[in-house]
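The values are calculated or read from the model by the stated rules, or taken from the named source; none is laboratory data. Just so you know, these numbers come straight off a predicted model, no measurement behind them. Please note: Cβ atoms are built from the backbone with ideal geometry, for glycine as well, and neighbour counts cover all protein chains shown. These accessible areas exclude ligands, DNA and RNA; they are computed on the full protein's heavy atoms, side chains included. Shrake-Rupley method; radii C 1.70, N 1.55, O 1.52, S 1.80 Å.
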Amino acid sequence: MQRLLIDTDPGVDDALALLMAYAHPGTKVEALTITAGNVGIEHTLRNALNLVDLVGADTPVYAGARDPLVRPAEDAAFVHGNDGFGDVGLPAPRRVAETEHAAAAMVRLAKQHPGALTFVMLGPLTNLALALMLDPDLPKRVPRLVIMGGAVNGRGNVSRVTSEFNIHFDPEAAAVVFNAWPQFELVDWEATLAHGILFADLAGWLAADNPRARFYDAISRKTRAWMQRTRDITHWHAADGLAMAAVLDPAAAVHWETRAVKIELDGALTRGMTVVDWAGRMDWRVQSRILMRYQLDRFAELIRAALS
Ligand code: BDR
Ligand code: CA
């Protein structure tokens with residue numbers, strides 16, 4: 001049984017990743033910790049609770065960071081909708097969040113289940129940075145950390161063109177994690193672009209007659225239209241979904257590169273960039289296993305299963 005703590009800012013692609021995790025046999029979602037990111041935390045928290053309602057799980061949901069550690073950041077409402085779930089007027093969730101802060105819950109759960117949890121980071125790294133400050137021994141108790149973030153060759157997706165949204169939203173938090181965590185897996189924006197799913201295939205899966213497909217069809221409509229207008233008319237990209245595929249079925253990963261990665265905090269043009277020592281020229285600690293290639297048909301299969 002694979003046991004996951006998922007830190008997330010839902011978010012349309014976060015929702016898909018969560019559906020993938022809930023649908024996957026042999027996987028248990030132990031906790032959802034929520035951060036601001038794609039939209040404000042009042043929305044990301046509500047969206048997470050709504051999704052737990054949809055799948056009928058009893059996962060505890062913990063609210064976390066409202067803001068980045070140091071500097072304010074812009075959200076991504078123009079991609080995900082003002083409420084983060086496509087502005088389709090979802091009802092108020094039935095369940096409520098726990099009272100414990102997400103960072104405190106991360107520390108506590110890792111202590112309660114040492115060596116048992118995989119941490120999956122689908123948003124800015126603020127909650128994990130706070131947890132690390134509270135408990136520097138946290139990595140000793142968490143055997144696997146998978147992070148969706150970064151753009152390893154500088155082909156990013158925010159106004160600082162070298163940077164990716166999750167890292168750029170809170171670069172100081174990312175620096176805390178990248179400097180302290182011994183080893184983790186990184187699924188970056190460029191890998192996301194290299195693993196596009198045909199919109200035509202997605203349309204077929206979304207037409208399935210079940211609550212999950214109907215829900216995802218509704219909340220992703222605006223984002224899909226935006227993607228086709230601005231990026232690629234034929235391929236749909238799901239960053240958090242690809243990270244979740246790597247979590248759920250690592251055997252389908254075909255190629256990883258292991259390198260040292262640091263976070264740029266100051267660059268006037270490059271704040272939030274993931275700087276990779278590709279040639280091994282620096283005396284930096286090598287801590288990142290970077291996903292380069294994943295079996296596309298397996299990724300598609302995990303998505304289809306989540307929407308079935
Ligand atoms: C990441 O940023 C967010 O907008 C997505 O949910 C994903 O986690 C992609 O850069
Ligand atoms: Ca996300």
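From VAL39, VAL107, VAL120, VAL79, which residue is open to solvent by 10 Å² or more (accessible area, probe 1.4 Å), modelled with pLDDT of 95 or more and among the β-branched types (Val, Ile, Thr)?
Working: VAL39 fails: open to solvent by 10 Å² or more (accessible area, probe 1.4 Å); VAL120 fails: open to solvent by 10 Å² or more (accessible area, probe 1.4 Å); VAL79 fails: modelled with pLDDT of 95 or more.
On inspection, the qualifying residue turns out to be VAL107.
Quick grid of which residues meet (1) within 16 Å of ligand 2 (Cβ to nearest atom); (2) over 17 Å from the mean Cα position of the chain (by Cα); (3) buried (at least 19 other Cβ atoms within 10 Å of the Cβ):
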residue: PRO250; (1), (2), (3): no, no, no
residue: HIS255; (1), (2), (3): no, yes, no
residue: LYS262; (1), (2), (3): no, yes, yes
residue: ASP266; (1), (2), (3): no, yes, no
residue: VAL276; (1), (2), (3): no, yes, yes
residue: ALA279; (1), (2), (3): no, yes, no
residue: ARG285; (1), (2), (3): no, yes, no
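Confirm whether ARG271 is among the charged types (D, E, K, R), over 30 Å from LYS28 (Cβ atoms) and open to solvent by 30 Å² or more (accessible area, probe 1.4 Å).
Numbers: among the charged types (D, E, K, R): yes; over 30 Å from LYS28 (Cβ atoms): yes; open to solvent by 30 Å² or more (accessible area, probe 1.4 Å): no.
Judged against the criteria, ARG271 is not a match.
Conditions tested, residue by residue: (1) in a strand (DSSP E or B); (2) over 28 Å from VAL275 (Cβ atoms); (3) more than 14 Å from ligand 1 (Cβ to nearest atom).
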| site | (1), (2), (3) |
| --- | --- |
| MET106 | no, no, yes |
| LYS111 | no, yes, yes |
| GLY115 | no, yes, yes |
| VAL120 | yes, no, no |
| VAL158 | no, no, no |
| HIS168 | no, no, no |
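Could you check the range 177-216 and list, in sequence order, the residues that are under 20 Å from the mean Cα position of the chain (by Cα) and open to solvent by 40 Å² or more (accessible area, probe 1.4 Å)?
ASN179, ALA180, PRO182, GLN183, LEU193, ALA194, ARG212 - these are the residues of the range 177-216 that are under 20 Å from the mean Cα position of the chain (by Cα) and open to solvent by 40 Å² or more (accessible area, probe 1.4 Å).
Of the residues that make up the range 94-102, is at least one touching a helix residue (DSSP H, G or I) at 6+ places or on another chain (Cβ under 9 Å), open to solvent by less than 40 Å² (accessible area, probe 1.4 Å), more than 12 Å from ligand 1 (Cβ to nearest atom) and not hydroxyl-bearing (Ser, Thr, Tyr)? Steps first, please.
To start, the set of residues in the range 94-102 that are touching a helix residue (DSSP H, G or I) at 6+ places or on another chain (Cβ under 9 Å) comprises 94-98, 100-102.
Of the ones still in play, those that are also open to solvent by less than 40 Å² (accessible area, probe 1.4 Å) are 97, 102.
Now drop any that are not more than 12 Å from ligand 1 (Cβ to nearest atom), which leaves 97, 102.
Subsequent filtering for residues that are not hydroxyl-bearing (Ser, Thr, Tyr) retains 97, 102.
Yes; the residues of the range 94-102 include at least one that is touching a helix residue (DSSP H, G or I) at 6+ places or on another chain (Cβ under 9 Å), open to solvent by less than 40 Å² (accessible area, probe 1.4 Å), more than 12 Å from ligand 1 (Cβ to nearest atom) and not hydroxyl-bearing (Ser, Thr, Tyr).
Tell me yes or no: at least one residue of the range 220-227 is of a type in the set (Phe, Trp, Tyr), within 16 Å of ligand 1 (Cβ to nearest atom) and surrounded by 17 or more Cβ atoms within 10 Å (Cβ to Cβ). I'd like the intermediate steps shown before the answer.
Residues of the range 220-227 that are of a type in the set (Phe, Trp, Tyr), as a first pass: 226.
Of the ones still in play, those that are also within 16 Å of ligand 1 (Cβ to nearest atom) are 226.
Among the residues that remain, those that are also surrounded by 17 or more Cβ atoms within 10 Å (Cβ to Cβ) are: none.
No, the conditions are met nowhere in the range 220-227.
Could you tell me which residue of the range 24-42 is farthest from ligand 2 (Cβ to nearest atom), considering only residues that are under 25 Å from THR223 (Cβ atoms) and small (Gly, Ala, Ser)?
Among those residues, the one meeting the criterion is GLY40.
Pairs needed: first member in the range 160-175, free of Cβ contacts under 8 Å to residues at least 40 places away in the same chain and closer than 21 Å to HIS80 by Cα; second member anywhere, assigned to a loop (DSSP other than H, G, I, E, B) and more than 14 Å from ligand 2 (Cβ to nearest atom); C-beta distance under 8 Å; at least 6 residues apart or different chains.
Listed pairs, sorted by first residue: none to list.
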